[in-house]
Amino acid sequence: MKLATLKSGGRDGTLVVVNRDLSLYQAVPGIAATLQRALDEWAGCAPQLQQVYAALNDGSARNALPFDPKACHSPLPRAYQWADGSAYINHVELVRKARGAQLPDSFYSDPLIYQGGSDSFIGPCDNILVPSEEYGIDFEAELAVITGDLPIGASPEQCGESIRLLMLVNDVSLRGLIPNELSKGFGFYQSKPASAFSPVAVTPDELGDAWRAHKVNLPLQVWLNGEPFGRPQAGIDMTFDFTRLLAHAATTRELEAGSIVGSGTVSNKQGDLWGSSIANGGVGYCCLAELRMYETIEQGQPATPFMRFGDRVRIEMQDANGLSIFGAIENRIAPL
């Protein structure tokens, strides 16, 4: 099934069920007013939500209304936890190579993960407000899961059973602030403002055969200012599947229902700079930093600028029939 949160109804919005082709929705106040409430009581709520979803798809729903992604907040407008991994080691390798550093062997066996701000997220069609273009504004196109409750030390098998929903992510990064923050040895904070998530969150079964080995085996599509920028295959070159990321996150702490864990920037291994862009037959990129890394490695310095005020990014994933699965994230950069 597919779930969304409308901006109406207070800080945590109003939970709605959306049909498969994202054309209709129905509010479900009698089941759960918010997505967090549904996650807290998933065993009781999920079957009832599934019935509404079936009615929307077979045309028997009585109170269906036209669905508009622009009316949506991120599925969870705020969350108890947002932790982002870096499951695509190719992305990390490029970052290190661009500055002449080797990748430690442990990176292939021990996932990277950081704790992001979860007290507020950006709506999927909202502007990203930034104080200055000098901060090095970048997008990062990713996937994420929303979990049920997980105990400390949860096994990968337990983690797989706990995956309730999947979403797309625009993990906004301010590249110009990252080096100074990391040099302090205490991680990201100012360089990681609020992220945006897709209009719709979906249960794993909605992906059909594309949900294999706890990975999403479909291309993730990115457009920058209307031009194709990336379409890497999300199931390829993912060193750590979602169960590994979740088990890592739960090593020493519980994960409460409604925790969000991201995949990190989707990235496929490619050839050189000229063969990696979509225009030259490659799969492109899911962030500007990766393109700039190729440019630095091959030309000595980056040539592509980071985002400026007015720039737009679109992130979407389609099924085998070309239908949008999660709806599209469409964010524009605007001055604070």
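The values are calculated or read from the model by the stated rules, or taken from the named source; none is laboratory data. What you see is a predicted model, and the numbers here were worked out from it, not measured in a lab. Neighbour counts are summed over all protein chains in view; Cβ atoms, including those assigned to glycine, are modelled from backbone coordinates with ideal geometry. In case anyone asks, the SASA skips ligands and DNA or RNA and just uses the protein heavy atoms, side chains included. Shrake-Rupley method; radii C 1.70, N 1.55, O 1.52, S 1.80 Å.
Going by Cα centres, segment 117-155 and segment 56-99 are how many Å apart?
Cα centres, segment 117-155 to segment 56-99: 9 Å.
State the percentage of accessible surface on the chain attributable to carbon and sulfur atoms; use a 1.4 Å probe and exclude ligands, DNA and RNA.
Ligands and nucleic acids excluded, carbon and sulfur give 49 percent.
Tell me, what does the Kirkwood hydrodynamic radius of the chain come to in angstroms if you use every pair of distinct C-alpha atoms?
Every distinct Cα pair counted, the radius reaches 20.2 Å.
Using every Cα-Cα pair within segment 1-112, state what percent have a distance larger than 17 Å.
Beyond 17 Å sits 62 percent of the P(r) for segment 1-112.
Please give the peptides 151-162, 56-67, 15-26 ranked by average Cβ packing (other Cβ atoms within 10 Å per residue), highest first, as a rough proxy for protection.
15-26, 151-162, 56-67
Once every DSSP H run of n ≥ 4 in the chain is given -39500 (n - 2.57) and the sum is divided by its residues, what mean residue ellipticity at 222 nm do you get, rounded to the nearest 500 deg cm²/dmol?
So the calculated ellipticity at 222 nm is -6000 deg cm²/dmol.
Let me spell out the model: positive unit charges on the Cβ of Lys and Arg, negative unit charges on the Cβ of Asp and Glu, origin at the Cα centre of segment 52-120. What dipole size does that give, in debye rounded to 20?
Using Cβ point charges on Lys, Arg, Asp and Glu, segment 52-120 gives about 200 debye.
How large is the dipole of segment 195-271 about the Cα centre if only Lys and Arg carry +1 and Asp and Glu carry -1, each at its Cβ, rounded to the nearest 20 debye?
Rounded to the nearest 20 debye, it is 260 debye.
Tell me, what is a quarter of the convex hull surface for the C-alpha atoms of segment 239-314, in nm² with one decimal?
Result: 7.8 nm².
For segment 98-200, build the convex hull from the C-alpha positions and give me its volume per residue in Å³.
150
Identify the trypsin sites (Lys or Arg not before Pro) of segment 166-249 meeting these criteria: DSSP loop state and at most 14 other C-beta atoms within 10 Å of the C-beta.
In loop regions of segment 166-249 (DSSP not H, G, I, E or B), the sparsely surrounded trypsin sites (Lys or Arg not before Pro) are LYS184.
Pick from ASP105, ASP319, ASP119: which is most flexible by mean-square fluctuation in a GNM of the chain where alpha carbon atoms under 10 Å apart are linked?
The residue with the greatest mean-square fluctuation here is ASP105.
Contact order normalised by length for segment 20-116, with contacts defined as Cα pairs under 8 Å and 6 or more residues apart; what percent is it?
Once divided by the residue count of segment 20-116, the mean separation gives 28 percent.
Using a 10 Å cut-off on Cβ atoms, rank the peptides 137-147, 4-14 from the highest mean neighbour count down.
Taking the mean over residues of other Cβ atoms within 10 Å, the ranking is 137-147, 4-14.
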